[in-house]
Amino acid sequence: MTNPSQRLSPADYETVDALAATLLPSDDTPGAADTPVVPMIIGILKGHPEQLELFRSALARINGLARGTYGDELARLPPPSREALIGSLSARQEFHPFWPMFRTLLMLCFYSIPKVCRSIGLPGPSIDQGGLLPGTRGEESA
Amino acid sequence: MSSSPPEGVYDAIIVGMGAAGSVFAHELTKAGWQVLALERGPRYPRHLKDFTENDMSMWRLLWDNSPYQVEGNGFHRTPDLGLGVGGGTLSWLAVSPRFFEGDLRFRSRHGRPVGSSVEDWPLSLAELEPCYDEAEAQMGVSGQRGPWESETRREFPNPPMGYYKSSLLLRDGMARLGIRSAPGPVAINSKPYQGRGPCLNCGYCRSGCRVDAKYQADQVLVAPALATGRLDLRTEALVTRVEMLRTGTRVDGVTWVELRTHREHRAFGKVVIVCNNPIETPRLFLNSANAFHPHGLANAHDQVGRHFFCHSRTLGLGFTEQELETSVGHGMGNLMSLDFHESGPEQPGSGGFSLLSLNGTGASLLAAEPLRHYMGSGLKERMKQYNKALLLVSFGEGLPSPENRITVDRSKLDSHGQPIARVSYTLLENDLCVSRAAGRKLEEVLWASGAREVHVLTPALEAHPMGTMRMGANSRLSVTNPYGQVHGIDNLFIGGASLFVTGSCVPPTLTLHALALRTARHLVHQGGALLRRH
Ligand SMILES: Cc1cc2nc3c(=O)[nH]c(=O)nc-3n(C[C@H](O)[C@H](O)[C@H](O)COP(=O)(O)OP(=O)(O)OC[C@H]3O[C@@H](n4cnc5c(N)ncnc54)[C@H](O)[C@@H]3O)c2cc1C
Ligand code: SF4
């Protein structure tokens, strides 16, 4: 059985959702909330108990900061306060190495999801259709 | 044919079947040696089925740097090494330039920059050239002689890849600034070569090439070695110790753990060749301390693990107004400039930097790195412009320092009871000077190539770990002789970039492949004596 302390709580999960949706909002293309990106991240963390612990304590501190500055948990803040708080995290030493690690993991996972890739014009798998030869090269060769 | 040796002692045991280990397996089995290869990761025998075109599939092919203890400002755990048969060549981007003669004479040319421990290599480019020729032929490098190279350089085995649209803009931008460029030498087929098809421009090189247009050592070298019947390849096999049972001047074999069953085994070999990357090789030596070598194998002079260094990797991104199909094509080096491979007025530090174009599907890298200060719509709108982006990377030459080193932390053990590695890496002033110059140049080139918005990632991240088991004539200042043979232990050899004395500004794999060929030849020609002496 998994040790409960090695799992994220529902409140942690909500905070991760809020972070992801603020960094990658839905618009005319999919945002974090339209994809399984958060479960992907949590899945990766499961194999790394030390990283999971780093996440749990950083999420608690983010909510502490949110309550201290804006009076509520991150997930319950109005978008402008949420954005302001999240925007300040990268400059705060106390959120290193969590913040760069979380942001990198989020971007790596999100921009590998097929419907997200399509939304920014990535071709997706092509080898089984013979690859991407015609029209993909410059007119001149070297 | 059975691949187990008749008397239970292999001619050679290879630890790690990556870029370097595969060369040894190929050469030694070809010469009739009975070889045991132990590889921590799995084997992917059918690339078309085993690899998938998705950026996330890259991760299972990469060595996990996350367990290491890290000290200093230089090591960010950037994954740049491999896991599995073929090692880093499964996920690499295959850029394969040669080092310059000056790279191997760093100390003579530049002296010793503050804090560094640079030396000259104990061999010349002329000695390495035949092995470079052969390495390029094995890998099927596509390219064209660059303006920086000697006119006597042998032709590349394959013609250069055609330029992509983005490369044409970058080429013209560089030309406007008086910078020369050429198609980068890449171990990717521009035409069918030795039974492998040409590149289909799918853009997913990091996730493994499904059609083997890219050189991947498991397919090109390990498969033929297995076909000889003389290679006993064990996968998911973790080597935990190099064993020395009888005398302090010869090793007898290794202890390894079968990861599927957790069973421990001992294997005996007349020669042991350690090729398990510049962090894990010194870790294994330090963890193999014994009565003859109480401070770690071959560590009487405290050289094992020292003189660690990396390239500094700076990434630049410029958005244009044009549709460039950036996501299409092989990943790196469609266009390259080595005009700044030496110090000069624009690069006042010692050593140099390279400039290489990027293509393919690495969108996630863009969002993670050069656009890391953006969020929300600012980030997403920029990401929608991916196919209008010019991408350029620079590798700056980092210098070795005695204090930048791999040690082991005896208070932190892995699940097999072995102390994990501690990476101490603090950038030298010269390293910072080179990467600042590289960043400025990336910006200039991107603007000159028609970008309307430019982002350069600073500070740079590390790439290509090197050093830690360096070669040299003096056993007090190095771990091996110029053939990668460990000083004082004549049947123990090293392969890989851990042997490098200094690292140039170009990626290391062609050079470590050439060095492995050189050592393998030496073993085959001189090694009869080693085998008989057992
Ligand atoms: C995305 C990416 C792009 C790259 N692009 C380029 C490029 O364009 N050009 C270039 O020159 N280089 C490039 N590289 C770097 C290149 O892959 C490495 O330089 C090269 O693979 C190093 O070779 P090696 O044999 O020393 O190590 P590896 O190829 O990493 O092989 C070491 C092997 O040892 C195994 N191992 C480790 N410890 C043990 C143990 N204790 N027991 C058993 N097995 C063990 C590992 O699983 C691994 O398979 C790239 C790397 C990556 C990840
Ligand atoms: S771009 Fe070319 S070399 Fe890279 S994976 Fe696709 S087919 Fe292979």
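The values are calculated or read from the model by the stated rules, or taken from the named source; none is laboratory data. What you see is a predicted model, and the numbers here were worked out from it, not measured in a lab. Glycine gets a Cβ as well: all are built from the backbone with ideal geometry, and neighbour counts include every protein chain shown. With ligands, DNA and RNA removed, areas are computed over all heavy atoms of the protein, side chains included. Shrake-Rupley method; radii C 1.70, N 1.55, O 1.52, S 1.80 Å.
Below, the figures for the structure above:
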| read-out | value |
| --- | --- |
| The stretch B:212-244, subset touching a Ser or Thr at 6+ places or on another chain (Cβ under 6 Å) and among the β-branched types (V, I, T), residue surrounded by the fewest Cβ atoms within 10 Å (Cβ to Cβ) | B:T240 |
| Any pair with Cβ under 7 angstrom, 6 or more apart, that starts in the stretch B:170-189 at a residue that is assigned to a helix (DSSP H, G or I) and ends at one that is at pLDDT 95 or above and within 16 Å of ligand 1 (Cβ to nearest atom) | B:L170/B:L335; B:L170/B:S357; B:L170/B:L392; B:R171/B:L335; B:M174/B:S337 |
| Sole exception among (1) open to solvent by 50 Å² or more (accessible area, probe 1.4 Å); (2) touching a residue at least 24 places away in the same chain (Cβ under 8 Å); (3) within 14 Å of another protein chain (Cβ to nearest Cβ) for A:S26, by number | (2) |
| Check on B:A213, closer than 23 Å to B:W59 by Cβ, hydrophobic (A, V, I, L, M, F, W, C) and within 14 Å of chain A (Cβ to nearest Cβ) | yes |
| Lone unmet requirement of (1) within 13 Å of another protein chain (Cβ to nearest Cβ); (2) of a type in the set (S, T, Y); (3) within 12 Å of the chain's Cα centre (by Cα) for A:S88 | (3) |
| Hits in the stretch B:452-469 - residues which are open to solvent by 10 Å² or more (accessible area, probe 1.4 Å) and either assigned to a loop (DSSP other than H, G, I, E, B) or of a type in the set (S, T, Y) (or both) | B:R452, B:T458, B:P459, B:A460 |
| Check on B:G173, open to solvent by less than 30 Å² (accessible area, probe 1.4 Å) and either within 13 Å of chain A (Cβ to nearest Cβ) or hydroxyl-bearing (S, T, Y) (or both) | no |
| Failed criterion for B:R40 (all others in (1) surrounded by 18 or more Cβ atoms within 10 Å (Cβ to Cβ); (2) in contact with a Lys or Arg (Cβ under 9 Å, 6 or more places away or on another chain); (3) in a loop (DSSP other than H, G, I, E, B) hold) | (2) |
| Pairs, first open to solvent by 20 Å² or more (accessible area, probe 1.4 Å) in the stretch B:295-306, second of a type outside the set (V, I, T), C-beta under 6 Å, six or more apart | B:H301/B:R476; B:R306/B:P402; B:R306/B:R405 |
| Flag for B:S142 being in contact with a Pro (Cβ under 6 Å, 6 or more places away or on another chain), polar (S, T, N, Q) and either modelled with pLDDT of 95 or more or more than 13 Å from ligand 2 (Cβ to nearest atom) (or both) | yes |
| Unique match (being more than 22 Å from the chain's Cα centre (by Cα), buried (at least 24 other Cβ atoms within 10 Å of the Cβ) and part of a loop (DSSP other than H, G, I, E, B)) among B:W33, B:W92 | B:W33 |
| Only one of B:A421, B:A438 that is open to solvent by less than 50 Å² (accessible area, probe 1.4 Å) and either farther than 26 Å from B:G88 by Cα or not in a helix (DSSP H, G or I) (or both) | B:A421 |
| Among residues of the stretch B:482-534, those that are part of a loop (DSSP other than H, G, I, E, B), farther than 13 Å from B:V271 by Cβ and more than 16 Å from ligand 1 (Cβ to nearest atom), counted | 3 |
| Pairs where the first residue, in the stretch B:92-111, is over 17 Å from B:L356 (Cα atoms) and without any contact (Cβ under 8 Å) to a residue 60 or more places away in the chain and the second is open to solvent by 10 Å² or more (accessible area, probe 1.4 Å) and within 16 Å of ligand 2 (Cβ to nearest atom), C-beta under 6 Å, 6+ apart | none |
| The listed residue being within 14 Å of ligand 1 (Cβ to nearest atom), over 15 Å from B:Q34 (Cα atoms) and either in contact with a strand residue (DSSP E or B) (Cβ under 7 Å, 6 or more places away or on another chain) or more than 14 Å from chain A (Cβ to nearest Cβ) (or both), out of B:L259, B:L233 | B:L259 |
| Scan of the stretch A:11-36 for residues that are part of a helix (DSSP H, G or I) and among the β-branched types (V, I, T), ordered by number | A:T15, A:V16, A:T22 |
| Among residues of the stretch B:327-340, those that are touching a strand residue (DSSP E or B) at 6+ places or on another chain (Cβ under 7 Å) and within 15 Å of ligand 1 (Cβ to nearest atom), counted | 8 |
| Meets criteria (closer than 23 Å to A:V116 by Cβ and outside any helix (DSSP H, G or I)) for A:P39 | no |
| Subset tally (residues that are at pLDDT 95 or above and more than 6 Å from ligand 1 (Cβ to nearest atom)) for the stretch B:75-95 | 3 |
| Candidates A:P125, A:P114, A:P80, filtered to the one that is touching a Cys at 6+ places or on another chain (Cβ under 8 Å), open to solvent by 70 Å² or more (accessible area, probe 1.4 Å) and not acidic (D, E) | A:P125 |
| Top-ranked residue in the stretch B:296-326 [being outside any strand (DSSP E or B) and hydroxyl-bearing (S, T, Y); ranked as farthest from ligand 1 (Cβ to nearest atom)] | B:T320 |
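Conditions tested, residue by residue: (1) away from ligand 1 (no atom under 16 Å from the Cβ); (2) more than 14 Å from every other protein chain (Cβ to nearest Cβ).
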{"position": "B:R180", "(1), (2)": "yes, no"}
{"position": "B:P185", "(1), (2)": "no, no"}
{"position": "B:Q194", "(1), (2)": "yes, yes"}
{"position": "B:C199", "(1), (2)": "no, no"}
{"position": "B:D218", "(1), (2)": "no, yes"}
{"position": "B:A225", "(1), (2)": "no, yes"}
{"position": "B:M244", "(1), (2)": "yes, yes"}
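Quick grid of which residues meet (1) open to solvent by 10 Å² or more (accessible area, probe 1.4 Å); (2) more than 14 Å from chain A (Cβ to nearest Cβ):
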site	(1), (2)
B:L317	no, no
B:E346	yes, yes
B:S357	no, no
B:H373	yes, no
B:Y386	no, no
B:A389	no, no
B:E397	no, yes
